[in-house]
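A.B. asks: Pasting a structure below so you can have a look.
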Amino acid sequence: MYGKNIYSLTFGDQRNQNKSKKENESGILFTGIHHGREPITFLMNLNIILKILYEIENNNQDFIELINTRNIHFIPLINVDGYEYNTNLFANNGNTFDMSFSRKNRRIHNSINCKE
């Protein structure tokens with residue numbers, strides 16, 4: 001399960017892409033699926049990306065200005081291994097109610113306050 005790629009997408013002013021430092025340009029970072037059991041965050045990233053593309057396609061000057069003055073970075077899936085593990089659990093079990101979602105490191109928690 002290790003060695004998976006993490007993909008990202010950046011919107012920004014193409015004239016500034018060759019600069020080594022962008023001191024005057026603000027940035028925004030959207031990330032998703034920090035925990036493998038939170039797949040809705042991937043869809044939130046995707047929805048924002050589609051909204052930006054739609055507004056640019058329709059020549060919305062507010063969005064074009066936003067893109068021209070900021071770098072907007074998307075990493076929609078950070079925890080690739082955790083997401084794959086929980087996806088496989090669901091595929092094998094088929095019932096989210098009975099599914100025992102994994103912890104972030106999948107180690108047993110040996111606390112007196114947390115019983116497995």
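A.B. asks: Each residue of segment 29-40 in order: what ³J(HN,Hα) in whole Hz does its phi give by Karplus 6.51 cos²θ - 1.76 cosθ + 1.60, θ = phi - 60°, with x for Gly and Pro?
C.D. replies: Per-residue couplings from phi come out as 10, 10, 10, x, 6, 5, 10, x, 9, 10, x, 5 Hz.
A.B. asks: Quick one: which residues, 5 or more positions from Phe30 or on another chain, have an amide H under 5 Å from its amide H? H modelled 1.01 Å from N in the peptide plane, none for Pro or chain starts.
C.D. replies: Here the answer is His73, Phe74, Ile75, since their amide H atoms fall under 5 Å of that of Phe30.
Computed from the coordinates by the stated procedures, all read-outs in this text should not be read as laboratory data. Quick caveat, the model's predicted, so the values are computed rather than measured.
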